[in-house]
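Read-outs throughout are calculated quantities, based only on the coordinates presented, and are distinct from any laboratory measurement. Model, not experiment: these values are computed from the prediction. No Cβ is skipped: glycine too gets one built from the backbone with ideal geometry, and neighbour counts run over all protein chains shown.
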Amino acid sequence: MKRYDHKAVEKKWQAAWERQGLYTTPDDAKGKRENFYLLTEFPYPSGNLHVGHWYAFSVPDIFARYMRMHGKNVLYPIGFDAFGLPAENAAIKNKLNPREWTYGNIERMREQIRSMGASFDWSREVVTCDPEYYRWTQWLFLQFFNKGLAYRKMTPANWCPSCRTVLANEQVENGRCERCKTEVVQKEMLQWNLRITDYADRLHDDLEKLDWPEPIKEAQRAWIGRSEGAVLEFQIAGAGESKKSAAHAQKVAQTVEVFTTRPDTLFGATYLVLAPEHPFLESVRQKAEGTGNIENWEEVEKYITLARKKTELERQEGREKTGVELRGIRAVHPATGEEMPVWVADYVLAQYGTGAIMAVPAHDERDYAFAKKFNLPVRRVIEPVFYGDTGEGAVRPGLPFVKREAICAVVRNPKDDTYLCNVWKGIEMRGLLTGGLDGGEDKVQAALREIREETGYTDVRLVSDPGWIINTFFYHRQKKENRWARFHILFFELESEEKEAVSEEEEAKYEFVWKRMDELRDFYTVYEGAFVATLLENPDYVFTGNGILGNSGTFDEMNSEEAKRVITERYGRPQKTYRLRDWLVSRQRYWGVPIPVIHCHECGMVPVPEELLPVVLPPVEEYLPDGEGKSPLAKVKEWYAVPCPECDGPAERETDTLDTFVDSSWYFLRYTDPKNEKEFAARKRQEKWMPVDLYSGGAEHTTMHLLYSRFWHKALFDLGLVGESEPYARRMNRSLIMGPDGQKMSKSRGNVVDPDEVVERLGADTVRMYLAFIGPYNEVSTYPWNPDGVVGVRRFLERVWKHGQEVVRRGQESVPELEGVLHKTIKKVGEDIAAQKFNTAISQLMIFLNATEKAGTVGTPQWRTFLKLLAPFAPHMAEELWQALGADGSVHLESWPAFEERYMRDERVTLAVQINGKVRAEIELDTDAPQEKAERAAREAVAERLEGKRVLRTIVVQNRLVNFVTED
RNA sequence: GCCGGAGUGGCGGAAUGGCAGACGCGCGCGACUCAAAAUCGCGUCUCGCAAGAGGUGAGGGUUCGAGUCCCUCCUCCGGCACCA
């Protein structure tokens, strides 16, 4: 018998497929029903393929092959994301040329990727550092530039001192460079940006219609961070009144705009806070130099300088609030006209909203912490609301609410540190002592009276009135009316336990008990009880929810939602704000796409004319940037010194290069028309394939590549260059393959699995299939590489091989007893591949093989079918065994087999017989046997156990079980 | 802190509300062998000699029946986080 020599088999078929051009994908294929675009993120040519690449490329290849067998014309392309820092760093370290390093790596990786036997169409390969590719990256960039979507601006940028370049926001993780983990510093620099923020709304809203996993959408929404609120305007008093010069006064801003998502809390604003970078301060500074009308300017300036020097990381450290008041000026409350202090503090971020806030310490935890530290006033203006069943009953719709002022007395007994609790007799209601206000009474009088009447305690002292009011809406059963009770919470203490008699009427209604603070939360059943428990547990509790307005002048009794609308309208305007910032795309590095813009002393920024594209990277002596914020290209005078395309005067090329995420924002479009010399991709070609049907890739790209390319595509759509506003119809994130120890593979840990070595030893089919078997591909998780597990898959393939040889040696008719499993296998494998559950598909293939082994034989037609099912997983072996049977074409050109419905059900089925849900016996019946028959057989099977018991109910689930429910 | 996702044997994992642990790994026993490897066969959730009982992160609930549905909590992973 021929031994399974994976090397010979794999080499043979890889060469044959290549020769036949089996995977060269036409834009239209005769006989194929539809085009299908399966995309997987193209690799960076690091020089070596790792297991992750295998997982990324060879497993989706199963799906590609499956779709082809279903008559789809599948585009499964590959290329290289070839610009980027590692090439330069390697070049600097080893005195190489980044171009040579990169192309050498690509050469090696092509061979490694070919060894997978993946069905990539190499004729469409795309390499982003080819001038023929980046020519179009430049061209597209210029379309953005002409539309005003690409702009250059002086902004604070994230500077990585180690990489010596600026980074986009997305490339900073916890204040560190995503690449080298160096702490990023803020540097004011002139940089190129793309207006991704213009697309924030659409990037957010269009997620809804995408067939993407919800967690990915959520992560993008969080990154975009849209919040809806209002911009409110505050007049500044004192700032404009110049003592010396009226002319100066004009320069000083008279108002400050704040952004808030809670305009309903306007009356709770007790001070204003500006970010240290707020432009108002700059105008004040100019003013202050002349007049000194900020009394403590020196102190303020010192604070600003200090804050600006801090890194993001330092600002966040400890989160201890710092700040300085601007003495000499006041903000005027737009509604009350009251004057309030203005502060500068770095807990307010310059880049978000308007860089200024109205502080509402009563309803914002950060403002509260600040106010507490600096002793600023706290004014409570939102009263919590509890709707629904308080124990009395849920509100009846349609009935008007009868409003009542009431008190809620929290009485503490200092002797044993317990609190008075009220149990309503006869109903399941436990809470605090409450009661209504009688006419003419104030709330303290009312509370003292209620305490005396209900409990008899007479020697009670008011400790504090925290000003909390909570609104409870409920149905009053006795009065048969909807109630709106406004409970004023008051804190009392017993001076002594002196008591007087309580009326019988009260006695019948209530019972009073004393509970420790830690028992309250579980004890109370009413809303106000839980709320009071919260207040007692946390004296610094800040209520940040919506509610009903109080202390808010004419807005009192309005609810938050309505008040937001009305106050926004009256004192400001609605405003949406985003966390997302514009995409900073310029890099001070060599190995990237040169930004195709020329700076002319006369004409300003001039785009490089189309016919002069591409602007090719020149050779340089030194790849390491000087670290002063200039790219190495700035040293190549013969390259950057050019005549202005417009006036022919002296001009200079832009010397920054583009972020590599720009290159990867459109590579999938180039795959549709990779050789086009006239366009980045002809619209007609695009339309054959776009949008991408399924995009498989790594989770790390959720808020980087995936967001960038969505934006890029939308911009192209608006420019009329593509036909759809979303590039990827469906997206799937891939899991991570870990080392055998379950840890992330790393050289330092010594747990790196080298796929080349495993392929050499066990073969590509084994590696592919093992990776597909390791866990579901449609879920994101981490899977450890198990060296024994790979061997297990190899064992399976060897058994397949053995049977294959056997079938070749003596073919035979189909074996009837195998038909059932075979057809079930066709169904299961097909469905599981479609759902990307390759692991269970493989397990079903194993089940079939186990069955043939048990049967001791298999029919040739049955075996052929099995080989078709195996083909996507182990393409080489399937092809070898297929052609050994004398087939005249590739198994990969076969159609996916169809299963016959009649084999889906067996003749006989085993049912479980349960008594009260516990399995007591098993019975075998004809499939779909009638209920009565099943019940009879079941009853017989457990007759002994049922003896003397009354069967209350019998549940029969067809073909599954019979359950007898008996007494006790 | 907020928003997602997940917790099932020794391990990877499987289970339309219907016999938990498919398939694979590992392990144990056996066959073959002088022996070992490879291969093949049988076994393998826990306790128990057995009958049986228990078991899917913990605790409640719904149901004849819950890994699966609902509530509370715990742990791990991912995202966001002084974003007003």
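A few comments on the model shown:
- Residues A:Val342, A:Val381, sorted so that the one with the fewest Cβ neighbours within 10 Å comes first: A:Val381, A:Val342
- Taking the centroid of alpha carbons for each part, the range A:932-950 and the range A:64-121 are 67 Å apart.
- Long-range amide H partners of A:Gly328 with built H, under 5 Å: A:Glu295
- In the structure shown, the pairs A:Lys688/A:Lys714; A:Lys147/A:Lys302; A:Lys93/A:Lys678; A:Lys153/A:Lys635 are assessed against 30 Å; a Cα-Cα span above that value is assigned to A:Lys147/A:Lys302; A:Lys93/A:Lys678.
- Rg over Rh for the range A:822-916 works out to 1.05, using Cα positions for both radii and the Kirkwood form for Rh.
- nm² value of the averaged projected area, convex hull over the Cα atoms of the range A:560-655: 11.0 nm²
- Multiplying the residue separation of A:Arg950 and A:Glu724 by 0.36 nm and removing their Cα-Cα distance gives an extension gain of 74.6 nm.
- Label-point separation, A:Val919 to A:Leu399 (7 Å along Cα→Cβ), nm: 5.5 nm
- Relative contact order of the range A:823-875: 32 percent, from C-alpha pairs under 8 Å at least 6 residues apart in sequence.
- Between A:Glu511 and A:Val463, full extension at 0.36 nm per residue minus the direct alpha carbon distance yields a gain of 14.9 nm.
- Net charge contributed by nearby residues that have their C-beta within less than 15 Å of A:Asn546 (K/R +1, D/E -1): -3
- Within straight-line cross-link reach of A:Lys309, lysines at Cα separation under 18 Å, skipping those fewer than 8 residues along the same chain: A:Lys187, A:Lys321
- Net charge of the neighbourhood of A:Trp882, taken over other residues with C-beta under 9 Å away and scored Lys/Arg +1, Asp/Glu -1, is -1.
- Coupling constants for the range A:791-804 follow from the phi torsions by the Karplus curve (6.51 cos²θ - 1.76 cosθ + 1.60, θ = phi - 60°), and in residue order they are 4, x, 5, 4, 4, 4, 5, 5, 5, 4, 4, 4, 5, x Hz; glycine and proline get x.
- Cα gyration tensor shape of chain A, rounded if a/c is under 1.5, else prolate or oblate by comparing a/b with b/c: oblate
- Cβ charges +1 (Lys, Arg) and -1 (Asp, Glu), total dipole of chain A, debye: 2620 debye
- Taking amide H as placed 1.01 Å from N in the peptide plane, the amide H of A:Met189 sits under 5 Å from that of A:Thr155, A:Ala157, each at least 5 places away or on another chain.
- Taking a ≥ b ≥ c as the square roots of the eigenvalues of the Cα gyration tensor, the range A:694-836 is oblate, since a/c reaches 1.5 or more and a/b is not larger than b/c.
- The residues A:Met558, A:Met877, when put in order of fewest to most other Cβ atoms within 10 Å, stand as A:Met558, A:Met877.
- Note on A:Glu646 and A:Cys180: their simple-model spin labels are 3.7 nm apart, each label 7 Å out from Cα toward Cβ.
- Phi-derived couplings, Karplus 6.51 cos²θ - 1.76 cosθ + 1.60 at θ = phi - 60°, listed residue by residue for the range A:851-856: 5, 5, 5, 5, 6, x Hz, with x used for Gly and Pro.
- Relative contact order [Cα under 8 Å, 6+ residues apart], the range A:886-944, whole percent: 25 percent
- Dipole of chain A [Lys/Arg +1, Asp/Glu -1 at C-beta], most positive-end residue of A:Gln588, A:Asn546, A:Ser560: A:Gln588
- Gain on full stretching of the segment that runs from A:Arg908 to A:Asp198 - 0.36 nm per residue minus C-alpha separation: 249.1 nm
- Given +1 at the Cβ of Lys and Arg, -1 at the Cβ of Asp and Glu and no other charges, the dipole of the range A:132-232 around its Cα centre is 560 debye to the nearest 20.
- When only Cα pairs below 8 angstrom with a gap of at least 6 residues are kept, chain A shows a relative contact order of 14 percent.
- With helices as the sole contributors, chain A gives -10500 deg cm²/dmol at 222 nm; each DSSP H run of n ≥ 4 counts as -39500 (n - 2.57), and the sum is divided by every residue.
- Residue order, fewest to most surrounding Cβ atoms within 10 angstrom, among A:Arg226, A:Arg653: A:Arg226, A:Arg653
- Between A:Gln812 and A:Asp756, the C-beta separation translates, for a Förster distance of 45 Å, into a calculated FRET efficiency of about 0.65.
- Taking 17 Å as the straight-line reach from the Cα of A:Lys509, the lysines in range (excluding those fewer than 8 positions away in the same chain) are A:Lys425, A:Lys479.
- Spin-label pair A:Glu214-A:Arg570: with each label point 7 Å from Cα along the Cα-Cβ axis, the two points sit 4.0 nm from one another.
- Label zone at A:Val780 (point 7 Å along Cα-to-Cβ), backbone N below 11 Å, the range A:197-241: A:213-220
- Distant-in-sequence amide contacts of A:Val722, defined by a placed amide H-H separation under 5 Å and a gap of 5 or more residues or a different chain, comprise A:Phe717.
- The range A:604-650: C-alpha gyration tensor shape, a/c 1.5 cut-off, then a/b vs b/c: prolate
- Beta bridges by DSSP in chain A, antiparallel share as percent, to the nearest 5: 70 percent
- Couplings 3J(HN,Hα) of the range A:112-118, computed from phi: 4, 5, 4, 5, 6, x, 7 Hz, in residue order, whole Hz [Karplus 6.51 cos²θ - 1.76 cosθ + 1.60, θ = phi - 60°; x for Gly and Pro].
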